[in-house]
Amino acid sequence: MATRFVAVQFKDEYSGDDEKSKQVRDGLFQKHVALYKSRPYVTKVHSMYGGVQPSGQGYHYAVVAKFESEEKAAYYDDVDPEHLEFRTQGRSLVQNIFAWGFPTEN
């Protein structure tokens, strides 16, 4: 099995408490989680929204996904067309992404 941890920090213009910023953040978060959940080779998804702060940074959300194998995780990361499209679309909204992948036991 393999695990991926991804935390996302939005650009300043999407970090506020105004309705537009919240809608942008909520939309990207929901799409990110839905992409993981729609993949048959993802065995489990955990998500956290709001106040996620690795290394004291101000990250807005995090998603942890477990894959059947390292090969399936690598496919999702580097080949999966919907995931690559999602990354391209979200790039303009995001300031930082903290991503960490590691092999895991069941």
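Phi angles of region 73-80 translate, via the Karplus equation with coefficients 6.51, -1.76, 1.60 and θ = phi - 60°, into HN-Hα couplings of 5, 5, 4, 4, 5, 10, 10, 3 Hz per residue; Gly and Pro are given as x. Sorting Met48, Met1 by solvent-accessible area of protein heavy atoms yields Met48, Met1, largest first, with a 1.4 Å probe.
Rounded to whole numbers, the Karplus 3J(HN,Hα) couplings from phi for region 96-103 are 9, 10, 9, 10, 9, x, 7, x Hz, using 6.51 cos²θ - 1.76 cosθ + 1.60 with θ = phi - 60°, and x at Gly and Pro. Given the choices (1) 46.5, 154; (2) 13.7, 42; (3) 15.4, 47, Rg and Dmax of the Cα atoms in Å derived from the coordinates of this structure is entry (2).
Accessible area of Arg87 (1.4 Å probe, protein heavy atoms only, ligands and nucleic acids ignored): about 100 Å². Suppose R0 equals 25 Å; then what is the FRET efficiency for Ile97 and Thr43 from their Cβ-Cβ distance, rounded to the nearest 0.05? Rounded to the nearest 0.05, the efficiency is 0.65.
In this Cβ point-charge picture (+1 for Lys and Arg, -1 for Asp and Glu), the chain has a dipole of about 160 debye about its Cα centre. Taking 30 Å as the straight-line reach from the Cα of Lys66, the lysines in range (excluding those fewer than 8 positions away in the same chain) are Lys11, Lys22, Lys31, Lys37, Lys44.
Pulled fully out, how much extra length does the chain show between Lys31 and Asp18, if you take 0.36 nm times their separation in residues and subtract their Cα-Cα distance? If you can, show how the numbers build up before the last one.
Working: separation 13, 0.36 × 13 = 4.68 nm, distance 2.03 nm.
Length gained between Lys31 and Asp18: 2.7 nm.
Ligands, DNA and RNA aside, Leu84 has an accessible area near 60 Å² when probed at 1.4 Å.
The values are calculated or read from the model by the stated rules, or taken from the named source; none is laboratory data. In this text, all values refer to a predicted model and were calculated from it rather than measured experimentally. Cβ: placed from backbone, ideal geometry, glycine included. Neighbour counts: every protein chain shown. SASA here: full protein model, heavy atoms, side chains in, ligands and nucleic acids out. Shrake-Rupley method; radii C 1.70, N 1.55, O 1.52, S 1.80 Å.
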